[in-house]
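Written out below as structure tokens is the structure these notes cover.
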Amino acid sequence: MGAKTNKDPQRPNTIAVTAGRHPQAYHGFVNPPVYHASTLLYPTAESYRNHDMRYEYGSRGTPTSEALEDAISALENADGCRMTSSGRSAIVLALLAVLDAGDHIISIIRPAPSPKGS
């Protein structure tokens, strides 16, 4: 993924406090609302079957997590960003982005060293 060019360069501090925020969409509030979403209501069963809605389930993203992804993308001057729920899912996501069907992975797992004095 190539880095996007920033047409309006801003300093990192400015980006950090403005990226991913759209006060006009939130009745003037600067920070996006926090969406506690585990279940969404679909208008029809057909809409559910067709995955017509932008958000399907809270763990797959909400407007709140999307705002953070937008802010990180802007800070890193990247084309996009994806948040995951765990480090393991982040690793799997990265691998799936570069592996093809039939590829193999060799993984060597070593136990973590014991802390001194244990």
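The values are calculated or read from the model by the stated rules, or taken from the named source; none is laboratory data. No experiment lies behind these values; they were computed from the predicted model shown. Here the Cβ positions follow ideal geometry from the backbone for every residue, glycine too, while neighbour counts run over all protein chains shown.
Of everything in the stretch 59-68 that is in a helix (DSSP H, G or I) and closer than 14 Å to T84 by Cβ, the residue that is modelled with the lowest pLDDT is S59. Out of A67, A45, A16, A25, one residue alone is more than 15 Å from the chain's Cα centre (by Cα) and surrounded by 13 or more Cβ atoms within 10 Å (Cβ to Cβ). It is A16. Sub-8 Å Cβ pairs linking a first residue in the stretch 14-26 that is within 11 Å of P63 (Cα to Cα) to a second residue that is acidic (D, E), at least 6 apart or interchain, are G20/E66; G20/E69; G20/D70, ordered by first then second residue.
No other residue among Y42, Y55, Y35 is closer than 20 Å to A90 by Cα, part of a loop (DSSP other than H, G, I, E, B) and without any contact (Cβ under 8 Å) to a residue 60 or more places away in the chain apart from Y55.
For beta carbons closer than 8 Å, sequence separation of 6+ or different chains, a first residue in the stretch 82-102 that is farther than 21 Å from E66 by Cβ and a second that is assigned to a loop (DSSP other than H, G, I, E, B), the qualifying pairs are L95/I105; L99/I105. Reported count of residues in the stretch 94-114, each being exposed (fewer than 10 other Cβ atoms within 10 Å of the Cβ) and assigned to a helix (DSSP H, G or I), is 3.
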